[in-house]
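The structure appears right after this line, and notes come after that.
The values are calculated or read from the model by the stated rules, or taken from the named source; none is laboratory data. Source: prediction; values computed, not measured. Positions of Cβ are generated from backbone atoms using ideal geometry, with glycine treated the same way; all protein chains shown enter the neighbour counts. Please note that ligands, DNA and RNA were not included when accessible areas were found on the heavy atoms of the full protein model with its side chains. Shrake-Rupley method; radii C 1.70, N 1.55, O 1.52, S 1.80 Å.
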Amino acid sequence: MCGIVGYIGSKKVSPILIQGLTRLEYRGYDSAGIAVIEGNKIEVKKDKGRVNNLYSLDGIDDLKGTIGIAHTRWATHGKPSKENSHPHMDNDKIFAVVHNGIIENYNELREKLIEKGYEFISQTDTEVIPNLINYYYKEDNEKDNLKLLRAVKNTCMDLKGSFALEIISIREPDNMIVVRKDSPLVIGKGNGENYIASDIPAILSYTKDFYFLNDYEFAYLSRDNVKFYDTNLNEIKKITKSIEWDSKGAEKAGYEHFMLKEIYEQPKAIRETIGTRLNNSKICFDELNFTKEYLESVNKIYIVACGTAMHAGLVAKNMFEKLCKIQTEVDIASEFRYRDPLIDNKTLAIFISQSGETADTIAALKLAKSKGAKTIAISNVIGSSITREADNTIYTHAGPEIAVASTKAYTAQITILSLIALYCADILRRADIIKIEEIKQDLLKLPAKASKVLKNVEEIKKFAKRVYKEKDMFFLGRGVDYSASLEGSLKLKEISYIHSEGYASGELKHGPIALIDTGITVIATITDKALVEKSISNVQEVITRGAKILLITNQNLENKGFETIINIPEVATELSPVLSIIPLQLLAYYISKEKGLDVDKPRNLAKSVTVE
Ligand code: F6R
């Protein structure tokens, strides 16, 4: 939610800022703006609308400054408008600020500032920040060179909520200050220049060396240097981490949309997530180093996440219960954190987050940790917030995921969760060894089989053309196919705006079947051999009531009135959602495209949900 970019160096800053914002637009796209130090003034150019609009703003080409901050907005407080766009300035136009996050006590702070004579021109929570900095700066009579830093620090101590901030000032035209609390921000170290962004891919084409800030750590930047301070303004040392991602990962590489590119990158994402962890049937997780004694003491596993990541958790539940014989509960992070879950030191809690920045998932992790659970974070982003909270972090290696709709992260998450379940199963030895080995071998075959599934694209395109005008669709499945159906349904609704529901096939008769009428589209997934007969009967029940069926299956099924059958390769049932989801992702993609929608940036959504 909201993207921020900053640069301090000797290059003309405005193109760098706008290009960075373009790469972050998936985080929010209702307004954009930049602030640049121009001699003894700060020039702000901003408006509602997409980042591209910035190019047409008056005077933007004349900016010559080499230090600046920028923002792309996902509105929370105040509708999209020029006034509410960032950057925001104080009343004296000395400080400019961009902010990602939410200031929960902004009303109270605003009232206090109004009493002191400050005026406000926006409805945002952010505008209190530059004015508070102004207030603390003027109050400070010290003569040292930490005056701006102190004003920023005092301001941050007054703020409740979440923030990633960039601050520039004409009082220190060669510096910039950045700080974060519960909102993402990274600093990219260059040569005689430094970059700031909400995430790594936005500035990956400039540098691969990054500093990561913890909450309430202040970075004081000049062109050649970055100094770090704690809340007592004592200097602290930090070292850079080198990121291996290829900057091409953050480009479309000839694909029309990031989503399509990312769907096609799944064989690679799965292969790289397996990496060297599975060798000659031995699974290696040095980060976990679980003993048999520890695993035998675990009486419950919680898997907690949001959206697509939670759907990956549903697939993994099956494996932890079947292969490890440990009761496993999957929960939505925003529910888990407020329902007083039963947790103690015998609980193993796994939190999945592609971005590693989802506010509810991080809060859920903190809760589980505070109650004594051992916590594992699964994330795709090195150094992301969740990785700094968990006892252990395991990375997926899907590469940067830019499209708002998650695709390759989901299949990479199932892959890594399967490896963890198999690793625990090997230690516990509670399940049939032959079955465990079979799943391991099938895991290794997933990348090649995923490539094969991607070849079905023409049939899916045709089906998308036939159904894209529909208002409702249903996704049916049993067992793991039900989990895949929930994810297929989420993909469709978020990018095509077609109402859809994922149902457990056997549950249909208990109410939802009343919605099935002549001509309605039902997408059925059948991959579980043990449940084929029952699943077919459920599909027949909807065909009888007039539904047209797209069937995704890895079984050799006779066509009993299905409109289209997509055959996918067979694989151990536990892993089958990794393959069956691919046609469903492609279906959502081509329907959205057929409707002429903005596939990569669906309305009202943002990639990384850093607010509750
Ligand atoms: C759907 C989607 C979201 C995310 C969810 C969690 O396509 O992308 O449902 O899966 O917001 O995000 P992360 O995994 O970053 O915590």
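Things to note:
- Some residue of the stretch 458-465 being open to solvent by 10 Å² or more (accessible area, probe 1.4 Å), away from the ligand (no atom under 16 Å from the Cβ), within 19 Å of Ser418 (Cβ to Cβ) and not in a strand (DSSP E or B): no
- When residues of the stretch 248-276 are limited to those that are in contact (Cβ under 8 Å) with a residue 24 or more places away in the chain and hydroxyl-bearing (Ser, Thr, Tyr), the one surrounded by the most Cβ atoms within 10 Å (Cβ to Cβ): Thr273
- Residue list for the stretch 61-89, restricted to those being acidic (Asp, Glu) and part of a loop (DSSP other than H, G, I, E, B): Glu83
- Criterion: more than 12 Å from the ligand (Cβ to nearest atom) and not β-branched (Val, Ile, Thr) - qualifying residue of Lys408, Lys440: Lys440
- Residues that are out of contact with any helix residue (DSSP H, G or I) (no Cβ under 6 Å at 6 or more places or on another chain) and closer than 12 Å to Val315 by Cα within the stretch 480-502 comprise Asp481, Tyr482, Ser485, listed in sequence order.
- Whichever residue in the stretch 303-316 is open to solvent by 10 Å² or more (accessible area, probe 1.4 Å) and over 15 Å from Ile376 (Cα atoms) and, among such residues, is farthest from the ligand (Cβ to nearest atom): Leu314
- Selection status of Leu417, under 25 Å from the mean Cα position of the chain (by Cα), farther than 25 Å from Ile513 by Cβ and surrounded by 22 or more Cβ atoms within 10 Å (Cβ to Cβ): yes
- For the stretch 196-247, a residue qualifies if it is among the aromatic types (Phe, Trp, Tyr), open to solvent by 50 Å² or more (accessible area, probe 1.4 Å) and either outside the structural domain of Gly28 (by TED's automatic domain parsing) or farther than 17 Å from Ala164 by Cα (or both), and exactly one does: Tyr206.
- Restricting Ser500, Ser580, Ser576, Ser535 to residues that are within 16 Å of the ligand (Cβ to nearest atom) and either open to solvent by less than 50 Å² (accessible area, probe 1.4 Å) or modelled with pLDDT of 95 or more (or both) narrows the list to Ser500.
- Residues located in the stretch 380-399, provided they are within 12 Å of the ligand (Cβ to nearest atom) and under 30 Å from Ser496 (Cβ atoms): Asn380, Val381, Ser384, Ile386, Thr396, Ala398
- So Leu550, is it closer than 16 Å to Lys455 by Cβ, assigned by TED's automatic domain parsing to the domain that holds Thr521 and not polar (S, T, N, Q): no
- Every listed requirement among (1) more than 16 Å from the ligand (Cβ to nearest atom); (2) under 24 Å from the mean Cα position of the chain (by Cα) is met by Ser355 save one, (1).
- Evaluated against (1) crowded, with 24+ Cβ neighbours inside 10 Å; (2) of a type in the set (S, T, N, Q); (3) touching a strand residue (DSSP E or B) at 6+ places or on another chain (Cβ under 6 Å), Asn380 falls short on exactly one condition, (3).
- Selected residue (criterion: surrounded by the fewest Cβ atoms within 10 Å (Cβ to Cβ)) from residues of the stretch 588-612 that are in a helix (DSSP H, G or I) and away from the ligand (no atom under 14 Å from the Cβ): Glu594
- Filtered by the rule that a residue be touching a residue at least 40 places away in the same chain (Cβ under 8 Å), of a type outside the set (S, T, N, Q) and open to solvent by 40 Å² or more (accessible area, probe 1.4 Å), the stretch 437-457 gives Glu437, Glu438, Leu444, Lys445, Ala448, Lys449, Lys452.
- Close contacts from the stretch 165-177, counting a first residue that is among the basic types (Lys, Arg) and a second that is not in a strand (DSSP E or B), with Cβ to Cβ under 7 Å and a gap of 6+ residues or different chains, come to Arg171/Ile94; Arg171/Leu148.
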